[in-house]
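The values are calculated or read from the model by the stated rules, or taken from the named source; none is laboratory data. Computed from a predicted structure; not experimentally measured. Glycine also receives a Cβ, built like all others from the backbone with ideal geometry; neighbour counts cover every protein chain displayed. What goes into the accessible areas is simple: the full protein's heavy atoms, side chains included, and nothing from ligands, DNA or RNA. Shrake-Rupley method; radii C 1.70, N 1.55, O 1.52, S 1.80 Å.
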Amino acid sequence: RQMFISSWPEGLSRRVAAGAAALFMAGAVLATQSRGGVLALFAGATVLLAGRSLRLAAGLAAGGGAALLVLPNPFVERLASLSSMDVYAYSRISIWKSALQMMHDHPWFGVGLGQYRYFSLRYAFPVDAHWAKYSRVAETPHNEYLHAGAELGLPGLAVCLAVLVVAGLAFSGALRRSSRHDRPVLITLAAVATVILAHSAVDFPLHAPPLALLFAASAAGLRIFGVEGPSWVVEFRFRRVYALALVGVLLCMVYLSLRPVAAFSYFLGGLGAPQNLLREKWSLEIAPKRDIGHDESIALLEKAVALDPGNAT
């Protein structure tokens, strides 16, 4: 195989390898019929091609999209289910609407980190063709941006979007400074980040540690690629107003993280759970109960409800 490929012109071998990789990924996406996968693949491929030619990227994106919709393939039937109720996804569009409503009801601090799955019960909707209309619980809104807004409120959503803006500015600056030899590496890193961010609009890839780390590595590569000498030293210089804002954001995140922990502690106390419940690894059903007065129990449960109404109630 090496002798055969080595006889090809260098440009041809690269094009064949790139074409084979693209066909393999497209085949995998079509085989799984993943609509989010197609979106992510198109987004990443467009970034890669745009680094070479904007016209080429636009032409191939339009031609590929038309071929995907016109030519018979298993993905077309999957795409057609968007117009009807997709029982497997239990209406992702309705989940997005409920997440937006959750954000509207809790705009400043959200519902709390990790609390979406519990609050989603309040925004449940009937699922057609399912024997138990409200039995499916959405643990995430299948959209990382809406998830951030629902759990952290508008300030948390703004912070998440600011991270994307900073990554985009880093890529733009690095691309301007890069040589023709370095440009393909930067564009590849940007394409990797774009794939994950595009998929984040219809699913929750950043909740998977490997993909979250891959995005972080890509963003870091965009920031430091091509930097040499003393510029490798990263200095954090903030204006006072930025520093105060950062401290405020961190304090809010600490509060949102500790609130459900404190509420759960009060909840266990109000039920008369033993102090060594977690250390002994008992379940709440079989653990011996402590004798606790009625008034004290009510007071502890009221504190739990006040701190974390989504779970305690």
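What to note about this one:
- For region 153-204, taking the residues that are in contact with a Ser or Thr (Cβ under 9 Å, 6 or more places away or on another chain) and not in a helix (DSSP H, G or I), the one that is least open to solvent (accessible area, probe 1.4 Å) is identified as D203.
- Which numbered condition A132 misses (of (1) of a type outside the set (D, E, K, R); (2) in a helix (DSSP H, G or I); (3) open to solvent by less than 30 Å² (accessible area, probe 1.4 Å); (4) modelled with pLDDT under 75): (2)
- Note on region 206-228: residues that are open to solvent by less than 50 Å² (accessible area, probe 1.4 Å), at pLDDT below 85 and in a helix (DSSP H, G or I) total 4.
- Matching residues, region 271-313, being at pLDDT 75 or above, under 36 Å from the mean Cα position of the chain (by Cα) and not hydrophobic (A, V, I, L, M, F, W, C): E302, K303, D308, P309
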